[in-house]
Amino acid sequence: MGDAERVKGLLDGSMDPTELEDDAELYALAERIYGREALDEMGVAAPMRPPEVDPANHSNGNNLEVELPDILEVDEIPEQSSKESSGSRIMLMAGLVGLVLVSVNVSIGIGQYLALCEDQIEAPPLSFTTLSNWQNDTMHITWTVTNLNASLNYSIYWSMSQNGSSEFVGADWFNWTGSSNLIHSENRPASTQPGCYTSTLYSEGIEISQSNGCTENSSTTSILAIISEVPAQCEDNTRLLWDKVDEYESVESWAPAGTGGLLDGALLMLFGMITLRSAFRKK
C-alpha cells in the first residue's frame, strides 16, 4: 500500500488501527487529526521512536561519545618567560659591552682605535716689518703686520727723528682691531739726513714687537718671545673623559691612558653589577 492510499485510509477510517503502531509518521498525523485520547480509547499504542541524534556530538551515525581532554592554555606563561629571557640577554650584552668599552678606554684608550680627537692647528707666527725712505725732504715709513688675531686690539707707537737721532721730528699712535693683516704708512717733513725712527707694536696694551732703523741703514725688527705651553696632542691623549664626551673633537676631552678617574671606576662597577646580575638571573 502506497503512502497516498494509507493516508486516504486514515482519513476515511478504513485503515486498521494496528497499522499506526508500526508507522510513527502516520501515528503523528492521526494524533493531530483525532487526538491522543481517541487513539488511546481505540487501543492504539504510540510507536517506539529512536533516540534523537545530536549532530554536535555525533558524526556518521556513530555515537561514540568520546570526550576530548581540555587543552591547557599555556601561551601566557611561555610568552612571559620568553620576554624575561630576552630582557636578561639584552641586559647581559649591555653590561658586557659597557664593561669592555670602559676597560679598554682606561688601559689603552679608545682613541687608539677611533680617530675622534682633532689636534688644534697652531696659528702662524706674527710678522712685523718696516720700510723707510727719504724723498724730497720728507721721511716716509710703512709698517706691515701679518698673522694677527682679528679679535684683539692692536696699537703701534712710532717716533721719527732727523740728523740721526739728535733732532725730533714727530711721534704718534695708530690703533686698529678686527683685521689679521695691516699695512700703514706715515710721513713727516725733514731737512737733515739720516732720518731715523723707532716703533713698537702692542696687543691689548702689552708690548709684543719692536722695529727700529734709519733711512740710510736697514731696519731691525725684534719680536718679543711669548712663553707658552706646548699644546697637547691627540696621539698622546687617547683616554676619553666621559664627562666631556659631548666635546670629543677637542683635545681637552681626552687624557693619557693607563690611569682612570672617579667616573671610570663608577662605570666599571655599574656595568660589572649589571653583567653579574643578568648572568645569574639567566641561570
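The values are calculated or read from the model by the stated rules, or taken from the named source; none is laboratory data. It should be emphasised that the depicted structure is a prediction, and the values quoted were computed from it without experimental measurement. Cβ placement follows ideal geometry from the backbone for every residue including glycine, while neighbour counts extend to all protein chains displayed.
Criterion applied to L96, L101 was being surrounded by 13 or more Cβ atoms within 10 Å (Cβ to Cβ) and without any contact (Cβ under 8 Å) to a residue 24 or more places away in the chain, and the one residue passing it is L101.
Filter the range 222-244 down to residues that are modelled with pLDDT of 55 or more and under 24 Å from L126 (Cα atoms), then give me how many there are.
3
For first residues located in the range 208-224 and within 23 Å of N153 (Cβ to Cβ), partners that are among the hydrophobic types (A, V, I, L, M, F, W, C) and at pLDDT below 55 and lie 6+ apart or on another chain with Cβ distances below 6 Å form the pairs I208/L224; S209/I223. Among the criteria (1) in contact with a helix residue (DSSP H, G or I) (Cβ under 9 Å, 6 or more places away or on another chain); (2) modelled with pLDDT under 85, the one I121 does not fulfil is (1).
Taken over the range 252-283, residues that are small (G, A, S), buried (at least 18 other Cβ atoms within 10 Å of the Cβ) and assigned to a helix (DSSP H, G or I) amount to 2.
In the set (1) modelled with pLDDT under 75; (2) closer than 30 Å to A4 by Cα; (3) out of contact with any helix residue (DSSP H, G or I) (no Cβ under 8 Å at 6 or more places or on another chain), the condition left unmet by L26 is number (3). Looking at (1) in a strand (DSSP E or B); (2) β-branched (V, I, T); (3) closer than 30 Å to C234 by Cα, can you tell me which one I141 breaks? In the conditions (1) in a strand (DSSP E or B); (2) β-branched (V, I, T); (3) closer than 30 Å to C234 by Cα, I141 misses (3) alone.
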